[in-house]
1. What's the total number of residues in the range 218-232 that are of a type in the set (A, V, I, L, M) and touching a residue at least 24 places away in the same chain (Cβ under 8 Å)?
2. Answer yes or no: is there a residue in the range 101-109 that is under 18 Å from the mean Cα position of the chain (by Cα), charged (D, E, K, R) and within 27 Å of A215 (Cα to Cα).
3. Considering each of K176, K192 in turn, give the residue that is free of Cβ contacts under 8 Å to residues at least 40 places away in the same chain, under 30 Å from S8 (Cβ atoms) and either surrounded by 17 or more Cβ atoms within 10 Å (Cβ to Cβ) or within 17 Å of the chain's Cα centre (by Cα) (or both).
4. Between a residue in the range 38-57 that is closer than 20 Å to W68 by Cβ and any residue that is loosely packed, with under 15 Cβ neighbours inside 10 Å and among the aliphatic types (A, V, I, L, M), which pairs come within a Cβ distance under 7 Å, given they are 6 or more apart or on different chains?
5. Just the residues that are farther than 19 Å from D28 by Cα and touching a helix residue (DSSP H, G or I) at 6+ places or on another chain (Cβ under 9 Å), please, taken from the range 112-141.
6. Within the range 160-173, take every residue that is without any contact (Cβ under 8 Å) to a residue 24 or more places away in the chain and part of a helix (DSSP H, G or I) and give me the one that is nearest to F129 (Cα to Cα).
7. Just wondering, is there one or more residues in the range 123-139 that are surrounded by 20 or more Cβ atoms within 10 Å (Cβ to Cβ) and assigned to a helix (DSSP H, G or I)?
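Only the coordinates and a few stated rules stand behind these numbers; no lab work does. Computed from a predicted model, the values in this text were never measured in an experiment. Cβ placement follows ideal geometry from the backbone for every residue including glycine, while neighbour counts extend to all protein chains displayed.
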Amino acid sequence: MIVKFEYSRKKDVENYVKYVLNPPEWLDQKIVKNISSRIKQEDLERLSASKDKPEVYELLEKIVKQAWNNEKDFFEKKISDLTNTWNERENGFIKKLEQFHEKPFLFNTITVHFTTLPINPYNIKERWFMVSIRNPIERQIKTVGHELMHFIFISQYWNYCIEDLGLSEKQVDMIKEALTVFLNTEFSKWIKVEDKGHERESELRDYLLTTKPNASSFPDLLKLVAKNLQKSA
């Protein structure tokens, strides 16, 4: 299997460190409140006041460790259930991913780290991404499919979009995010939960859906999208 699931407390704590104290502007306020609700107010105040990174890490590690210990049986079952369910779907999904993009999937192994936060970052260079452990299994499967679509697009078409199509990194990032709209159509055999995407890419997602039937190939689809983006820039 390409996708390997595991829980790393270190990775989970790093996720907290990154998003608890300085939530980025793009982060949904519902998620910000969700994060805050997991930490006692007095601990949040201590974290915010502290300028000592080791102290911040140590306190967050205690919070994460306690959360894991409190729900250990539940979490271990979630890991087992997702591993078994994804293993049944992986082969067909990867083949479809390659067919859709008209390129091979270049990664032999990708590690999926579980996080107790509702935020799922990824690192393509280190070949990992995160899945929220408390989410229902079909939402977790959707996250896995979503991130794998990012991985194949970035590895096979990111440079092409910039060097050959003349797009900016911001425009290519928009395409990367918008392409996941096809999880709802082309990949619905494996992805059972709707991928809603971000509001900022909603128009581009609609454009992709209406334009794909007129494209002769996936690179041709990207050319049409590039012309549309450059026209509206």
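1. 4
2. no
3. On the way: K192 fails: free of Cβ contacts under 8 Å to residues at least 40 places away in the same chain.
Selected residue: K176, the only one of K176, K192 that is free of Cβ contacts under 8 Å to residues at least 40 places away in the same chain, under 30 Å from S8 (Cβ atoms) and either surrounded by 17 or more Cβ atoms within 10 Å (Cβ to Cβ) or within 17 Å of the chain's Cα centre (by Cα) (or both).
4. L47/L21
5. The initial filter retains those residues of the range 112-141 that are farther than 19 Å from D28 by Cα, namely 112-114, 123-129, 136-138, 141.
Once the filter is applied, which keeps residues that are farther than 19 Å from D28 by Cα and touching a helix residue (DSSP H, G or I) at 6+ places or on another chain (Cβ under 9 Å), the range 112-141 yields V112, H113, F114, I124, R127, W128, F129, I137, E138, I141.
6. Step by step, filter the range 160-173, then rank; the result is D173.
7. No, the range 123-139 contains no residue that is surrounded by 20 or more Cβ atoms within 10 Å (Cβ to Cβ) and assigned to a helix (DSSP H, G or I).
Listed here are the residues, each with its yes/no results for (1) free of Cβ contacts under 8 Å to residues at least 60 places away in the same chain; (2) under 14 Å from V3 (Cβ atoms); (3) touching a Lys or Arg at 6+ places or on another chain (Cβ under 6 Å).
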{"site": "E88", "(1), (2), (3)": "yes, yes, no"}
{"site": "G92", "(1), (2), (3)": "no, yes, no"}
{"site": "Q99", "(1), (2), (3)": "yes, no, no"}
{"site": "H113", "(1), (2), (3)": "no, yes, yes"}
{"site": "T116", "(1), (2), (3)": "no, no, no"}
{"site": "P121", "(1), (2), (3)": "no, no, no"}
{"site": "T143", "(1), (2), (3)": "yes, yes, no"}
{"site": "L148", "(1), (2), (3)": "no, yes, no"}
{"site": "W158", "(1), (2), (3)": "yes, no, no"}
